[in-house]
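The values are calculated or read from the model by the stated rules, or taken from the named source; none is laboratory data. Note that the coordinates shown come from a computational prediction; the quantities given were computed from them, not determined experimentally. In this analysis, Cβ positions are derived from the backbone assuming ideal geometry, glycine residues included, and neighbour counts consider all displayed protein chains.
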Amino acid sequence: MIGGGPAGLIAAETLASHGIAVSVYDQMPSMGRKFLLAGRSGLNLTHSEPLDELLHRYGDSSAALEGAVLAFGPEQLRAWAAGLGEDTYIGTSGRVFPDSWRATPLLRAWLHRLAELGVVLFPRHRWTGTIATHDGERHERAVSFVRPDGSDIEVTADIVVLALGGASWPRVGSDGRWVGPLRECGVRVTDLEPSNVGVVADWSAHFVERFEGVPLKNVAITFAGRSVRGDAMVTSRGLEGLPVYSHSAAIRDALASSDSAQLSIDLHPDLDETLLARRLGKRRPKDSVSNWLRRAAGLSPVAIAFMRECTNNVLPSDAASLASLMKRLVLEIGAVARIDRAISSSGGVTLEEIDDRFMLRRAPGVFVAGEMIDWDAPTGGYLLQACFSTGVAAANGALEWSRLASGGSIQ
Ligand SMILES: Cc1cc2nc3c(=O)[nH]c(=O)nc-3n(C[C@H](O)[C@H](O)[C@H](O)COP(=O)(O)OP(=O)(O)OC[C@H]3O[C@@H](n4cnc5c(N)ncnc54)[C@H](O)[C@@H]3O)c2cc1C
C-alpha cells in the first residue's frame, strides 16, 4: 500500500482482514495527515441523502464510482466509524459527522485496529515512482522508496495499491509528484487542478486588516445561474467557504476563457427586496450609512465593509437602490486560489485507465484508490465517501484478481 490516507488505510484494513500481510508506506512522518486536517473544521465523513442523489454529486464519474459506493456507501461508512467507537450524527443539510466532530479519535482507534490486524506502517518512505513487474512463477511487483537519510529500499509485493491523494495542501503529504512517473509509464493522468477552492479578490488593506478570518454569515452566492447558501469566510486574499467552493469548478472553467468572472452575492437571502427596501425606508436622520444598514437591515460590520469593498465605497443613498444592491452585490473575480489552499484537486488517473476492479489496465496487479483518480465532487462528505468506497473496492478487486492470478491462493 503506498499512501496512508483514508483510501490507503481502508484498503489496508480490507486486505488485512482477509488474512493478507499488508505494509503501508507513506512519505510523511505519520499516516493520515490530511484526514486530521479535514477534521479540524469538523470531519464531514459522508452525506445522508438517498444514494442516487449522492451518486449524482460525482457528475460524469458517477457511473464509474457506482459499484464502489453501493458496496461501501454512507451506511457502511457510518457503521465502520461506530465500530471504531465513533458514532455519527446527521448535521444541517444532511451532512454526517462523527460525534466528536474531529478525526483524531477515529484515526487513533483505526491505527490501533490496523496494528491488531498485523498491518505494518512505514512512515518517511517516499515512493520514487517506479514499479517493476516480475511475472515469473509468482506475480511480483518491485517498488522503490527513498528514506530520509537518502538511502533507497526496494520492496517486492504480490499486489500494489497506490492511494497517493491529489495535490491540495501538499504540506500534509499529497504533493502530486506521482503524476510524472505514472505518465512516463504510459498511464494517462489529467492535470491536477484546484477544486473546492476559494476565490481571489482584490481587497483593500484596511478590509483585510479588520476582517480577515471573519465569516459573512448566511449569504447566498450565485454563479452561472446556480445559487448556494452558507457562510463565506474572508481571507487575506479573497473568499473561502462552502458557498464559494460549490462554484469553484464552474468559476475555474469560466476563467479559462475569460479574464474575470462575477459572483452575485445576496447578503440577506431570507428577506425579499421589497421588504428590505421598506425596512431601509426607516432611516433616522442622524444615522450614518453604516448605522442605518446595521439598524434597519441587520447587517454585520463585515457585511457592511464588504458592500463598500464591492462598490469602491460608493453606496446609493435611497432605500430601494440599497436594497437592490444588498440582494445582488457583484464581486469581480480574477482567479481561483492556488491548489495548495484547495480542499481537493480534480484530475488524476483517468477512468479509462482503470478496470472495474480499480486495477491499472497497463499494470496488472497495481490498483489505485482515492483522490488520485480522476473524479470530482463538491464538499459535503462526498470526497471522503469516494475515498473510502474506492479504497474498499480496490482492495476487493485486488483480492479477486490475485485469487485468479495465483490459481486460488494468495500468499
Ligand atoms: C482543509 C481540508 C478539509 C477537508 N475536509 C473534508 C471533509 O470534511 N469531508 C470530506 O469528505 N473531505 C474533506 N477534505 C478532503 C479529504 O481530506 C481528501 O479528499 C482525502 O483525504 C483524500 O484521501 P486519499 O487517501 O485519497 O489521499 P490523502 O489523504 O491525500 O493521502 C495520500 C497519502 O499519500 C502520501 N503520498 C503521496 N505521495 C507519496 C509518495 N510519493 N510516497 C509515499 N507517500 C506518498 C501522502 O503523504 C498522503 O499521506 C478536506 C481536505 C482539506 C485539505
Among V96, V120, V69, which is the only one that is of a type in the set (A, V, I, L, M, F, W, C), closer than 30 Å to N218 by Cβ and either at pLDDT 95 or above or away from the ligand (no atom under 15 Å from the Cβ) (or both)?
V96
From the residues in the stretch 316-359 that are over 22 Å from A395 (Cα atoms) and among the β-branched types (V, I, T), which one is surrounded by the most Cβ atoms within 10 Å (Cβ to Cβ)?
V336
Inspect all residues belonging to the stretch 68-90 and state whether any of them is more than 14 Å from T379 (Cβ to Cβ), surrounded by 13 or more Cβ atoms within 10 Å (Cβ to Cβ), of a type in the set (V, I, T) and touching an Asp or Glu at 6+ places or on another chain (Cβ under 9 Å).
yes
Out of the residues in the stretch 138-166 that are part of a loop (DSSP other than H, G, I, E, B) and in contact with a Gly (Cβ under 9 Å, 6 or more places away or on another chain), which is surrounded by the fewest Cβ atoms within 10 Å (Cβ to Cβ)?
D158
Looking at the stretch 148-161, is at least one residue in contact with a helix residue (DSSP H, G or I) (Cβ under 7 Å, 6 or more places away or on another chain), within 16 Å of the ligand (Cβ to nearest atom) and modelled with pLDDT of 95 or more?
yes
Only one residue in G5, G85, G59 is at pLDDT below 95 and either out of contact with any His (no Cβ under 9 Å at 6 or more places or on another chain) or among the aromatic types (F, W, Y) (or both). Which one?
G59
Mind listing just one residue for me: the one in the stretch 36-54 that is surrounded by fewer than 19 Cβ atoms within 10 Å (Cβ to Cβ) and aliphatic (A, V, I, L, M) and, of those, farthest from the ligand (Cβ to nearest atom)?
L51
Scan of the stretch 64-80 for residues that are hydrophobic (A, V, I, L, M, F, W, C) and closer than 20 Å to S344 by Cβ, ordered by number:
A64, L65, A68, V69, F72, L77
Cβ-Cβ distance below 6 Å, separation of 6 or more or different chains: which pairs start in the stretch 220-239 with a residue that is closer than 18 Å to L271 by Cβ and end on one that is among the basic types (K, R)?
A220/R229; D231/K217
Filtering the stretch 234-274 for residues that are in a strand (DSSP E or B) and surrounded by fewer than 18 Cβ atoms within 10 Å (Cβ to Cβ) leaves a count of 2
Selection from the stretch 1-35 of residues within 11 Å of the ligand (Cβ to nearest atom), of a type in the set (S, T, N, Q) and buried (at least 20 other Cβ atoms within 10 Å of the Cβ) yields Q27
Check M359 against each of (1) on the phi > 0 side of the Ramachandran plot; (2) assigned by TED's automatic domain parsing to the domain that holds W401 and name the one condition it does not meet.
(1)
Considering each residue of the stretch 186-196, count those that are more than 10 Å from the ligand (Cβ to nearest atom) and either outside any loop (DSSP other than H, G, I, E, B) or surrounded by 15 or more Cβ atoms within 10 Å (Cβ to Cβ) (or both), and give that number.
7
For T133, state whether it is within 16 Å of the ligand (Cβ to nearest atom), closer than 30 Å to A405 by Cα and modelled with pLDDT under 95.
no
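I need a count of the residues in the stretch 115-137 that are part of a loop (DSSP other than H, G, I, E, B) and over 17 Å from G8 (Cα atoms).
Here the count works out to 2.
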Cβ-Cβ below 7 Å, separation at least six or inter-chain, first residue in the stretch 112-130 and aliphatic (A, V, I, L, M), second part of a loop (DSSP other than H, G, I, E, B) and modelled with pLDDT of 95 or more: which pairs?
L117/S17; V119/V22; L121/G4; L121/M31
Are there strands (runs of 3 or more DSSP E) fully within the stretch 293-411 with at least 2 residues that are at pLDDT 95 or above and within 16 Å of the ligand (Cβ to nearest atom)? List them.
344-349, 366-368
List pairs: first in the stretch 149-176 and closer than 14 Å to H125 by Cα, second hydroxyl-bearing (S, T, Y) and within 9 Å of the ligand (Cβ to nearest atom), Cβ under 8 Å, 6+ apart or cross-chain?
D152/T128; V155/Y25; L164/S174; S174/S168
With criteria (1) more than 16 Å from the ligand (Cβ to nearest atom); (2) out of contact with any Leu (no Cβ under 9 Å at 6 or more places or on another chain), F223 comes up short on (2)
So which residues in the stretch 1-48 are out of contact with any helix residue (DSSP H, G or I) (no Cβ under 8 Å at 6 or more places or on another chain) and hydrophobic (A, V, I, L, M, F, W, C)?
A21
